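K.L.:
Got a structure for you, questions after.
The values are calculated or read from the model by the stated rules, or taken from the named source; none is laboratory data. Here the structure is a predicted model, which means the values were calculated and not measured. Cβ placement follows ideal geometry from the backbone for every residue including glycine, while neighbour counts extend to all protein chains displayed.
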Amino acid sequence: MFYSPVITNAAEAVKNEKLHLFRFVEDSEQVKIGTYEAHGGYQAWKKALTSMQPAQIVEEVKKSGLRGRGGAGFPTGMKWSFIPKDSPKPRYLICNADESEPGTCKDRVLMERDPHAVIEGMAIAAYAIGCHRMFIYIRGEFNHSIIRLETAVKEAYAHKHLGKNIYGTGYDLDMVVHSGGGAYICGEETALLNSLEGERGMSRIRPPFPAIEGLYACPTIVNNVETLASVPHIINRGADWYRTLGTEKSSGTKIFSLSGHVKRPGNYEVELGFNLKKLIYDPAYGGGILGDKKIKGVIPGGSSTPFLKADMLDVNLDYESLAQAGSMLGSGAVIVFHEDTCIVWVILKLIHFYRHESCGKCTPCREGTGWLEQIIGRIEAGGGKPGDIELIEDVCGNILGRTICPLGDAAVMPIQSAIKHWRDEWQFHIDNKKCMVKTNFEFR
Amino acid sequence: MILNDEAIAKIKERVGLYPQSKSAILPALTIAYHQVGYLNDKVYKDIADIIKVPCVEIAEAATFYTMFPKEPVGKYLIQVCHNISCALLGADSLISYLEQKLEIKKGETTRDNLFTLVTVECLGSCATAPMMQINQDYYENLTREKVDKIIEELRAKA
């Protein structure tokens, strides 16, 4: 069956035992449960369920320092510990597989090539929070991921890793593969909950947080695919081992989706703290810039994160270093663009996206993203007016921090940083009614 | 009923998986879309009858999600990603190329009803850009040569 031809560094992961997420993603048999089990699969789930208490698992994951890989970077174990101990309601675990942050294409690889790792991580998380029915919400366009997961879930039931009285412990766990409608906003956890309930995917006001009142108003944990796929390794090898990976504050490995003007775009699993320049230029990873042109800038963590200029790229890819550089690790989607890229053109692509994906619930985001697209669109089309930059800044300032969910912030943070870094280019565009640099990308 | 027996059975099976049957709406819409090719009021009515919720709730959800076409499209729905990672590798020129090749503008359907061409937002295939989705399948790392071949094969298959 078909899967994405995306490049990965699985060959490196086979040799380097620190890399664990990608070890088997180039093995076409890995999707089969027999192969997954032969590679040590479901050992962590068995260990967790038969020899650990839920609270112990939460503690172990807390101790590991694992943080959410979907974008927000919230400590995973801490999130789990917010589930009320005394609630009589059922609890739910949801795996967020609505991967749609522009630049991000990592969860799809895990689902298509190592689906049982996702299921195993989910099972452990479900047990840790006392959940008996867990869901994976996969964006509707990922038809192949959906089929892969559905097939894998059937196998997991047949091998009694899911279902009733698992491993004779009396613990029951069911899993549902849910297909979404391809809306970016449904990657935001409260919008995802509404969507999973059959509603329009609009975000909810917090509090209450999902851990208290989530799916069907019951305690719910929503975790990203990569986060959950990391969990079995923490259970198998322990939090202390996991802490030896990455940096002191950003432990573990992370998959970076490298795209744009690089010679070898792909998905690369590296330890957190890996150097960004190395990721872009090293022949084992990005291999440098297309046509050996000069790099102009990078979006380091998905389209919602502030830009880094060419002189800011000697930075390490971990939560703290990127925050210090004025950006964010986000989902780990590194988008690279070279000197022939007009920054206004880039921003127009992005704001068009956010305007399209705004759920429309709150005014600053619904109206603001539309205004921004109009203003930026007219600048790009050669109709910019004096004062437009200030107008954009004003609109951005009235969106940032004033919306129910982070989509509003996500829309404006790249714009603000693009104006900060390349203000002269924006001004040139308005004054001369054309791009400062030629943007004309032909496909091959 | 517009939905065939297979689709109805699949939707009924979905309903049983959720503590609240309304959760089956989105999967049901997907099942219906895969069978019919697009969604309309008649499809909503069918789904409402199976899931047993008011028809308006089906329509309310369906109209939020742009993944589902709401009017007939060609046999092959070509969705080209025009977001940033694809655009950096020539998505705009890919769209123009398809417009020329199929002799339609984006948003239109060819006269023989074979192809509809639309642009979409990021489909999560950024490191294999530029890309397009045709019906349920992704086509990645596109070149002129590949596009020619894909269109040729689909024409031959139809």
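K.L.:
In region A:340-355, how many are facing chain B (nearest Cβ under 7 Å) and either acidic (Asp, Glu) or in contact with a Pro (Cβ under 7 Å, 6 or more places away or on another chain) (or both)?
P.N.:
The number of residues fulfilling the criteria is 2.
K.L.:
Could you figure out which of (1) more than 13 Å from chain A (Cβ to nearest Cβ); (2) closer than 20 Å to residue A:143 by Cα isn't true of residue B:106?
P.N.:
(2)
K.L.:
Would you be able to say whether some residue in region A:179-186 is surrounded by 24 or more Cβ atoms within 10 Å (Cβ to Cβ), in contact (Cβ under 8 Å) with a residue 24 or more places away in the chain, assigned to a strand (DSSP E or B) and of a type outside the set (D, E, K, R)?
P.N.:
Yes - at least one qualifying residue is present in region A:179-186.
K.L.:
Looking at region A:218-225, is at least one residue within 15 Å of the chain's Cα centre (by Cα) and polar (S, T, N, Q)?
P.N.:
Yes, region A:218-225 has at least one match.
K.L.:
Which one of the conditions (1) within 8 Å of chain A (Cβ to nearest Cβ); (2) in contact (Cβ under 8 Å) with a residue 12 or more places away in the chain does residue B:64 fail to meet, given that it meets all the rest?
P.N.:
Going through the list (1) within 8 Å of chain A (Cβ to nearest Cβ); (2) in contact (Cβ under 8 Å) with a residue 12 or more places away in the chain, residue B:64 breaks only (2).
K.L.:
If I go through region A:217-232 residue by residue, how many of them are out of contact with any strand residue (DSSP E or B) (no Cβ under 7 Å at 6 or more places or on another chain), crowded, with 24+ Cβ neighbours inside 10 Å and not hydroxyl-bearing (Ser, Thr, Tyr)?
P.N.:
Qualifying residue count for the region: 3.
K.L.:
Let me ask another. Can you say whether residue A:294 is in contact (Cβ under 8 Å) with a residue 60 or more places away in the chain, away from chain B (no Cβ under 12 Å) and either at positive phi or touching a helix residue (DSSP H, G or I) at 6+ places or on another chain (Cβ under 8 Å) (or both), as far as the supplied structure shows?
P.N.:
No.
Residues are listed down the side, and each one gets a yes or a no for (1) at pLDDT 95 or above; (2) buried (at least 21 other Cβ atoms within 10 Å of the Cβ); (3) within 14 Å of chain B (Cβ to nearest Cβ):
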position: A:7; (1), (2), (3): yes, no, yes
position: A:11; (1), (2), (3): yes, no, no
position: A:15; (1), (2), (3): yes, no, no
position: A:22; (1), (2), (3): yes, yes, yes
position: A:74; (1), (2), (3): yes, no, no
position: A:78; (1), (2), (3): yes, no, no
position: A:81; (1), (2), (3): yes, no, no
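K.L.:
Collect the residues in region B:19-44 that are among the charged types (D, E, K, R) and either within 9 Å of chain A (Cβ to nearest Cβ) or touching a residue at least 24 places away in the same chain (Cβ under 8 Å) (or both), keeping them in residue-number order.
P.N.:
B:22, B:42
K.L.:
Can you name every residue in region A:83-98 that is within 14 Å of another protein chain (Cβ to nearest Cβ) and farther than 21 Å from residue A:124 by Cβ?
P.N.:
A:89, A:98
K.L.:
So, one more: Are any of the residues in region B:12-31 under 21 Å from the mean Cα position of the chain (by Cα) and over 19 Å from residue B:66 (Cα atoms)?
P.N.:
For region B:12-31, residues under 21 Å from the mean Cα position of the chain (by Cα) and over 19 Å from residue B:66 (Cα atoms): present.
K.L.:
Within region B:83-94, is there a residue that is touching a helix residue (DSSP H, G or I) at 6+ places or on another chain (Cβ under 8 Å) and more than 9 Å from chain A (Cβ to nearest Cβ)?
P.N.:
no
K.L.:
Same structure again: Looking at region A:289-392, what helices (runs of 4 or more DSSP H) fall wholly within it and have at least 2 residues that are crowded, with 24+ Cβ neighbours inside 10 Å and at pLDDT 95 or above?
P.N.:
A:343-357, A:363-380
K.L.:
Of all residues in region A:400-425, which are in a helix (DSSP H, G or I) and surrounded by fewer than 16 Cβ atoms within 10 Å (Cβ to Cβ)?
P.N.:
If the condition is that a residue be in a helix (DSSP H, G or I) and surrounded by fewer than 16 Cβ atoms within 10 Å (Cβ to Cβ), then A:420, A:423, A:424 are the ones that fit.
K.L.:
Then there is this: Report whether or not residue B:98 is within 19 Å of the chain's Cα centre (by Cα) and more than 12 Å from every other protein chain (Cβ to nearest Cβ).
P.N.:
No; evaluated as a whole, the condition is false for this residue.
K.L.:
Run residue B:16 past the list (1) small (Gly, Ala, Ser); (2) surrounded by fewer than 23 Cβ atoms within 10 Å (Cβ to Cβ); (3) touching a residue at least 24 places away in the same chain (Cβ under 8 Å) and report the number of the one that doesn't hold.
P.N.:
(3)
K.L.:
Follow-up question, since we're still on this one. So which of A:370, A:360, A:330 is small (Gly, Ala, Ser), more than 12 Å from every other protein chain (Cβ to nearest Cβ), within 20 Å of residue A:191 (Cβ to Cβ) and within 24 Å of the chain's Cα centre (by Cα)?
P.N.:
Being small (Gly, Ala, Ser), more than 12 Å from every other protein chain (Cβ to nearest Cβ), within 20 Å of residue A:191 (Cβ to Cβ) and within 24 Å of the chain's Cα centre (by Cα) holds for just one of A:370, A:360, A:330, which is A:330.
K.L.:
If you take the residues in region B:109-158 that are in contact with a Gly (Cβ under 9 Å, 6 or more places away or on another chain) and of a type in the set (Gly, Ala, Ser), which one is farthest from the other protein chains (Cβ to nearest Cβ)?
P.N.:
My answer is B:129.
K.L.:
Going through region A:307-320 one residue at a time, which ones are away from chain B (no Cβ under 14 Å) and in contact (Cβ under 8 Å) with a residue 60 or more places away in the chain?
P.N.:
Passing the criteria: A:309, A:316, A:317, A:318, A:319, A:320.
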